[in-house]
1. Using 0.36 nm per residue of separation minus the Cα-Cα distance, give me the extension gain between Gln65 and Arg21 in nm, one decimal.
2. To the nearest 20 debye, what charge dipole does the chain have about its Cα centre, counting +1 at the Cβ of each Lys and Arg and -1 at the Cβ of each Asp and Glu?
3. Compute the length gained on full extension between Asp93 and Ala78: take 0.36 nm times their separation in residues and subtract their Cα-Cα distance, giving the result in nm to one decimal.
4. Among Asn101, Asn25, Asn16, which one moves the most in a GNM of the chain with springs linking Cα atoms closer than 10 Å?
5. Restricting to lysines 8 or more places apart or on different chains, can you count the pairs in the chain with Cα atoms under 25 Å from each other?
6. Compute the relative contact order of segment 44-108 as a whole-number percentage, counting only Cα pairs closer than 8 Å that sit 6 or more residues apart in sequence.
7. Taking a 1.4 Å probe, which of Ser54, Ser103 shows the most accessible area, and what order do the others take after it?
8. Can you say what percent of the DSSP beta bridges in the chain, counting only those with both residues inside, are antiparallel? Round to 5.
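The values are calculated or read from the model by the stated rules, or taken from the named source; none is laboratory data. Every value quoted in this text rests on a predicted model; they were computed, and no experiment measured them. Here the Cβ positions follow ideal geometry from the backbone for every residue, glycine too, while neighbour counts run over all protein chains shown. For accessibility, only protein heavy atoms count, side chains too; no ligands or nucleic acids. Shrake-Rupley method; radii C 1.70, N 1.55, O 1.52, S 1.80 Å.
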Amino acid sequence: NAQAKYSELGSDYVYNLERLRRKFNTAKELVPQPVLTPAAKPTRLGVLFYGSASPAMAEALAMLQAEGVHVDAIRVRAFPFSSQVDAFIEAHDTVFVVEQNESAQLRTLLINEGEYSPKKLVKVLHYDGTPITASFIAGAIRAAGTAAKLAPQKSHG
């Protein structure tokens, strides 16, 4: 309970879970914040990634931009996810989630924690044991998108 004594009361259990939820929500803004890389032109496409995919991601974004495909990017650096991650996902129609594992753990966390539609979060999975490459990322984004989705977006201003 609140006094650190053993209890089987439901109200004590609820109190402790609500206390932990408040701590978790506070932690969202105290953990390392994500790094946003906006596209050169307005877009409704986003890509979310983390960790060692960073160098390949930077190169993939440049490759896609050279083809006229503009994609905003956000590198997640911590869990629980900051409100910036939520805002990023909400601002895009499609968000590619780049991961180097078969089980799509990051995407699963986003769906479970943010309650996002799995259709909005498109898997880009690389799990053959080799380092992820820019060609793989750009190719997966090209393959996953339709011509309409990957067409350059017009400015709304």
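1. Working: separation 44, 0.36 × 44 = 15.84 nm, distance 4.06 nm.
Using 0.36 nm per residue and subtracting the Cα-Cα distance, I get 11.8 nm.
2. 260
3. On the way: separation 15, 0.36 × 15 = 5.40 nm, distance 2.33 nm.
Stretched out fully, the Asp93 to Ala78 stretch lengthens by 3.1 nm.
4. Answer for the Gaussian network model of the chain: Asn16.
5. 14
6. This gives 50 percent for segment 44-108.
7. Ser103, Ser54
8. Counting DSSP beta bridges with both partners in the chain, the antiparallel share is about 20 percent.
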